[in-house]
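Enquirer: Structure provided below as structure tokens; questions to follow.
The values are calculated or read from the model by the stated rules, or taken from the named source; none is laboratory data. The model shown is predicted, which means the values in this text are computed figures rather than measured ones. Here the Cβ is made from the backbone with ideal geometry for all residues, glycine too, and neighbour counts use every protein chain on show.
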Amino acid sequence: MRRWLVPLLAVALLLSLTANFVGAGYALKTWRAEAAAMSFVTGALGGYSPPLRKAMRAAFVADRRALLAALRELRDARQAMRAALEARPFDAAAAETAMQTVDAKTTALQQRVHAAMLAAAKATP
């Protein structure tokens with residue numbers, strides 16, 4: 001066996017392991033963020049009866065992709081609002097527009113959650 005082959009294979013293995021760990025870390029971070037968002041939504045259900053809570057959780061899970069997309073849109077709108085409020089020179093019109101966008105995204109998310117809750121309540125005996 002050639003002398004240069006073993007170090008080359010060791011470097012290739014090290015690079016492969018590094019790439020795998022970075023990819024696994026990214027996937028885990030993304031999964032945790034989604035789990036935290038969904039736990040926030042389902043955590044608000046504590047005061048409802050167990051059958052209704054179960055139906056609401058099922059409705060939220062069924063609408064999971066749309067709920068997470070709405071949460072991401074709201075987060076992005078809040079970041080844009082923060083940037084507009086901290087911008088120098090300050091542009092009041094841009095800040096007001098950003099705030100209106102946050103209001104709209106908040107309302108849209110709230111309407112989606114309420115629609116899921118209403119559907120669950122209708123389906124619960």
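Enquirer: Which residue out of 64, 72, 88 is within 17 Å of residue 44 (Cβ to Cβ) and charged (D, E, K, R)?
Expert: Working: 72 fails: within 17 Å of residue 44 (Cβ to Cβ); 88 fails: within 17 Å of residue 44 (Cβ to Cβ).
On inspection, the qualifying residue turns out to be 64.
Enquirer: How do the pairs read when you match residues in segment 102-125 that are over 9 Å from residue 59 (Cβ atoms) with residues anywhere that are surrounded by 13 or more Cβ atoms within 10 Å (Cβ to Cβ) and of a type in the set (Val, Ile, Thr), using Cβ under 8 Å and keeping only pairs 6 or more apart or on different chains?
Expert: 113/41
Enquirer: I'm told residue 88 meets every condition in (1) more than 24 Å from residue 55 (Cβ to Cβ); (2) in contact (Cβ under 8 Å) with a residue 40 or more places away in the chain except one. Can you identify the failing condition by its number?
Expert: It is condition (2) that residue 88 fails.
Enquirer: Sticking with this one: For segment 1-96, list the helices (runs of 4 or more DSSP H) that sit wholly inside it and hold at least 3 residues that are modelled with pLDDT under 80 and either surrounded by 12 or more Cβ atoms within 10 Å (Cβ to Cβ) or not charged (D, E, K, R) (or both); which are they?
Expert: Numbers: elements: 5-43, 50-62, 64-86.
Per the criteria, 5-43.
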